[in-house]
Amino acid sequence: MLKKLAHIGIAVKDLERSLALYRDVLGMHHEGTSAEPDRQLEAAMLDCGGAHIELLRATSPDSVIARFIEKRGEGIHHVCFEVDDIRATLAALKAAGLQLVDEQPRPGVGGWLVAFVHPRSAGGVLLEVAERPKKQPSTGSD
Ligand code: ZN
């Protein structure tokens, strides 16, 4: 059902300090940082041989990341797996008795469709499943 590990999401207080670790010390390639105003956070994506680290910083005290850090401190927030068909995956997980945070997939970073599974039903781990954006038909303009 799961295709591969896509990324590990890590809650951080200071994005620049964390980039100094993952990019500058550990040598991962920083693919970019995107603002996600809907989720009140910004996300920096770093590549490590095809798997990724997603650094998440809250931009508001109401953000889930701010609440996570308040409760548990900085650290691993979620694990994300790529799937081919997110709707079929969510239906299968629900049928297996897992508790979905998102009944329907929603837009994530970079046009991916994402959904979360509650850690209560997944051994204490917040699971994210994500479907890669479909290739847009070529406009022939490039
Ligand atoms: Zn994620």
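No value in this document is a laboratory result; all are computed from the given coordinates. Treat the numbers as computed from the prediction; the structure is a model and nothing was measured. Cβ atoms come from the backbone with ideal geometry, glycine included; neighbour counts cover every protein chain shown.
Amide H to amide H, with H built 1.01 Å from N, residue 52 comes under 5 Å of 7, 8, counting only residues 5 or more places away or on other chains. Reducing region 35-56 and region 1-34 to their Cα centroids gives an inter-centroid distance of 6 Å.
In plain terms, the chain from residue 134 to residue 25 could stretch by 35.8 nm, reckoned as 0.36 nm per residue minus the Cα-Cα distance.
Neighbours of residue 116 by Cβ distance under 15 Å: Lys/Arg scored +1, Asp/Glu scored -1, total -2. A simple rule links phi to the HN-Hα coupling: the Karplus curve 6.51 cos²θ - 1.76 cosθ + 1.60 with θ = phi - 60°, which for region 31-44 gives 7, x, 10, 10, 7, 10, x, 4, 9, 6, 8, 10, 10, 9 Hz, with x for Gly and Pro. Across all directions, the shadow cast by the convex hull of the chain built on its C-alpha atoms averages 10.0 square nanometres. Under 12 Å from the Cβ of residue 58, count the other residues' Cβ atoms, weight Lys and Arg +1, Asp and Glu -1, and hand me the total. Here the charged neighbours net out to -2.
Of the residues 108, 9, 27, the one whose Cα sits farthest toward the positive end of the charge dipole of region 2-131, with +1 on the Cβ of Lys and Arg and -1 on the Cβ of Asp and Glu, is 9. Per-residue ellipticity at 222 nm from helix content only, as computed over the chain with -39500 (n - 2.57) for each DSSP H run of at least four residues, stands at -4500 deg cm²/dmol.
Once the convex hull of all Cα atoms in region 62-137 is built, its volume per residue stands at 105 Å³. Working from Cα pairs under 8 Å separated by at least six residues, relative contact order for region 18-142 is 16 percent.
For region 130-135, 3J(HN,Hα) computed residue by residue from phi via the Karplus equation (6.51, -1.76, 1.60; θ = phi - 60°) reads 9, 10, 4, x, 5, 4 Hz, glycine and proline entered as x.
Note on region 1-69: with charges restricted to the Cβ of Lys and Arg (+1) and Asp and Glu (-1), its dipole about the Cα centre is near 240 debye. Near residue 48: Cβ cut-off under 12 Å, other residues only, Lys/Arg at +1 and Asp/Glu at -1. The net charge is -2. Each Lys and Arg adds +1 at its Cβ and each Asp and Glu adds -1 at its Cβ; summed about the Cα centre, the chain shows a dipole of about 380 debye.
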